[in-house]
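To start, the structure under review is shown below, and the notes come after it.
The values are calculated or read from the model by the stated rules, or taken from the named source; none is laboratory data. None of these values were measured; they are calculated from a predicted model. Quick reminder, even Gly has a Cβ in these numbers, built from the backbone with ideal geometry, and neighbours come from all protein chains shown. Ligands, DNA and RNA are stripped out before the accessible areas are found, and what is left, the full protein with its side chains, is counted by its heavy atoms. Shrake-Rupley method; radii C 1.70, N 1.55, O 1.52, S 1.80 Å.
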Amino acid sequence: MDAAQSRTAEAAPASAPALAPDFRIAARADIPAVVELIESAYRGDASRVGWTTEADLLDGQRTDPEGVAAVLDAEHGRLLLAERDGALVACCQLEHRGDHAYFGMFAVRPARQGGGLGKAVMAEAERFARAEWGAREMRMTVIRQRDDLIAWYERRGYERTGEVTPFPYGDERFGIPRRADLAFELLVKPLA
């Protein structure tokens, strides 16, 4: 795919029919593209094209090459990539933690949000966790102030637990908070 085709694929409207993406596990060569994708979905003005932006809550970075490399290097972890026509359009982290799997680092290219791609990635992540690890439950943490995002997860069967952990204030690897009350809430879904 040449650069013009890549831009066209990325600029497709969210209302375009959802085609099933191609899934694969990330390799070290994917790190720069994964960092760029995650940053585009959550930080800065570019993230406002989609609805998953955290730009009103956090400045700074969402991740960095070292953070993505740590996911790739984790013995019980995988970084799942979704591609369309060879272009990276979404990703998520999966980590096997005994009887459950952890779901994180979820990003969908902003211009592709709202067209079913996120649902497809989540379904593939849940399928993978059940089939490869026998996981009976998927867990994730979400910034509790992200009401729209939490509602989206709830529509997909995730339940709020009320279990809250503090945001890592002072560690700019996770962003620079724009408010003093940020915290993460644990969401859980049984995997049948």
Exercise. With R97, R160, R179, R139 as the choices, which residue is open to solvent by 30 Å² or more (accessible area, probe 1.4 Å), touching a residue at least 60 places away in the same chain (Cβ under 8 Å) and not acidic (D, E)?
Worked result: R179
For this session: Please give the number of the condition F128 fails out of (1) open to solvent by less than 50 Å² (accessible area, probe 1.4 Å); (2) outside any helix (DSSP H, G or I).
Result: (2)
Exercise. Restricting attention to the range 116-125, which residues are touching a residue at least 60 places away in the same chain (Cβ under 8 Å) and open to solvent by less than 20 Å² (accessible area, probe 1.4 Å)?
Worked result: L117, V121
Exercise. Any residue in the range 19-30 that is of a type in the set (K, R), within 14 Å of the chain's Cα centre (by Cα) and modelled with pLDDT of 90 or more?
Worked result: no
For this session: Please verify whether the range 72-84 includes one or more residues that are hydrophobic (A, V, I, L, M, F, W, C), assigned to a helix (DSSP H, G or I), out of contact with any Gly (no Cβ under 6 Å at 6 or more places or on another chain) and farther than 23 Å from L58 by Cβ.
Result: yes
For this session: Scan the range 163-179 and give yes if some residue there is part of a helix (DSSP H, G or I) and closer than 15 Å to D56 by Cα, otherwise no.
Result: yes
For this session: Look through the range 35-91, keep the residues that are acidic (D, E) and over 15 Å from the mean Cα position of the chain (by Cα), and return whichever of them is most open to solvent (accessible area, probe 1.4 Å).
Result: E75
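Rundown of residues vs (1) among the acidic types (D, E); (2) closer than 25 Å to E126 by Cβ; (3) modelled with pLDDT of 95 or more, yes/no style:
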| position | (1), (2), (3) |
| --- | --- |
| I38 | no, yes, yes |
| V49 | no, no, no |
| E54 | yes, yes, no |
| R62 | no, yes, no |
| V68 | no, yes, yes |
Seminar exercise, completed: Of (1) farther than 19 Å from L187 by Cβ; (2) open to solvent by 30 Å² or more (accessible area, probe 1.4 Å); (3) touching a strand residue (DSSP E or B) at 6+ places or on another chain (Cβ under 6 Å), Y102 satisfies every one except (1)
For this session: Please work out if A69 is farther than 25 Å from R144 by Cβ, in a helix (DSSP H, G or I) and in contact with a helix residue (DSSP H, G or I) (Cβ under 7 Å, 6 or more places away or on another chain).
Result: yes
